[in-house]
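Please read the structure below before turning to the comments.
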Amino acid sequence: MCELRKCRVCGCTDDGPCVVADVPCCWVQDDLCSACATISEIIESSSGQRWLAYVHANLAVQALDLVERLASETTWLDEVYELTEQAELEEAGARG
């Protein structure tokens, strides 16, 4: 039976990895996970390079999702402002 790997910095294991941007960490050294490694250590490791690409891709998707949500909220807020302005004009017209 092989011994479970454990990160020397955070203590994560194969069974309980760290997660960065919804991407589980990988091993860049025998006892160092990608979430705890320096950028140099990540780039020196082929598995670290792949992990970094997944993290970047996932962050890009999350950023696009956020932009879409903000755009839809802005549209909704614009509609609320227009309805409020219309109600205020109608109220002002009813008064006088």
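Number of residues in region 13-66 that are in a helix (DSSP H, G or I) and hydroxyl-bearing (Ser, Thr, Tyr): the value is 4. Among residues of region 41-63 that are without any contact (Cβ under 8 Å) to a residue 24 or more places away in the chain, those with a beta-carbon under 8 Å from a residue that is part of a helix (DSSP H, G or I) and of a type in the set (Phe, Trp, Tyr) at least six positions away or on a different chain give the pairs Ile42/Trp51.
Being touching a Leu at 6+ places or on another chain (Cβ under 9 Å) and surrounded by fewer than 12 Cβ atoms within 10 Å (Cβ to Cβ), is that true of even one residue in region 30-46? Yes; the residues of region 30-46 include at least one that is touching a Leu at 6+ places or on another chain (Cβ under 9 Å) and surrounded by fewer than 12 Cβ atoms within 10 Å (Cβ to Cβ). Filtering region 72-93 for residues that are of a type in the set (Val, Ile, Thr), modelled with pLDDT of 80 or more, part of a helix (DSSP H, G or I) and closer than 22 Å to Asp22 by Cβ leaves an empty set.
The values are calculated or read from the model by the stated rules, or taken from the named source; none is laboratory data. Model, not experiment: these values are computed from the prediction. Neighbour counts are summed over all protein chains in view; Cβ atoms, including those assigned to glycine, are modelled from backbone coordinates with ideal geometry.
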